[in-house]
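Novice: Okay, handing you the structure first.
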Amino acid sequence: MLGRWVSDLEVGDVLGPIDYLATPFLVHEYAHAVEEGSERHLGMDGLTVPPTMVHTDKKALFDYACPDGAGPEARLHLVYDATYHKVIPAGRELTVRGEVTQRYEHKGRSHVILEIDVRDKQTGELYTSYRDTSLLSYRPSGAAAG
């Protein structure tokens, strides 16, 4: 655990690693939940992990590192950049690790940038690089709740 809330995160904080098995059932259920219609993610043979599943990896890292949730102000996901280096076949053991690389104020509101890597647990091969920017509070620092 790094902090009580996501809003406690500071530059240099490392989240994880978290290991999990991307089972065909997990892949299928995730794809179904996000209405991904491709047979690559819903079929019975040759399933691959949908690229957007990295969002659930981010959530798992936050839940692990900051068990009390977003913080006194709700966290808002603003933007992400993801690079998919290689397709992830279902059935792979994955390791997910994140690091807070920036924290800054813009218009009186706190933001945090998290860099996440998704790798093959056995070989260390990089599957996904993910850069997430989140707004930690909706109202400017010091503003009264309304």
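Novice: Bins of 5 Å, beginning at zero and ending with the bin holding the largest distance: percent of Cα pairs per bin for the stretch 6-135, please.
Specialist: 2, 10, 20, 21, 18, 14, 8, 4, 2, 0, 0
Novice: Give the lysines whose C-alpha is closer than 21 Å to that of residue 86, dropping any in the same chain fewer than 8 places away, or say none.
Specialist: 58, 121
Novice: Using label points projected 7 Å from each Cα along Cα→Cβ, tell me how many nm separate residue 77 and residue 123, to one decimal.
Specialist: So the label points at residue 77 and residue 123 sit 2.8 nm apart.
Each value in this text was obtained by applying a stated rule to the coordinates, not by laboratory testing. If you're wondering where the values come from, they're calculated on a predicted model, not measured in any experiment. A quick note on method: Cβ atoms are made from the backbone with ideal geometry, for glycine too, and the neighbour counts reach across all protein chains shown.
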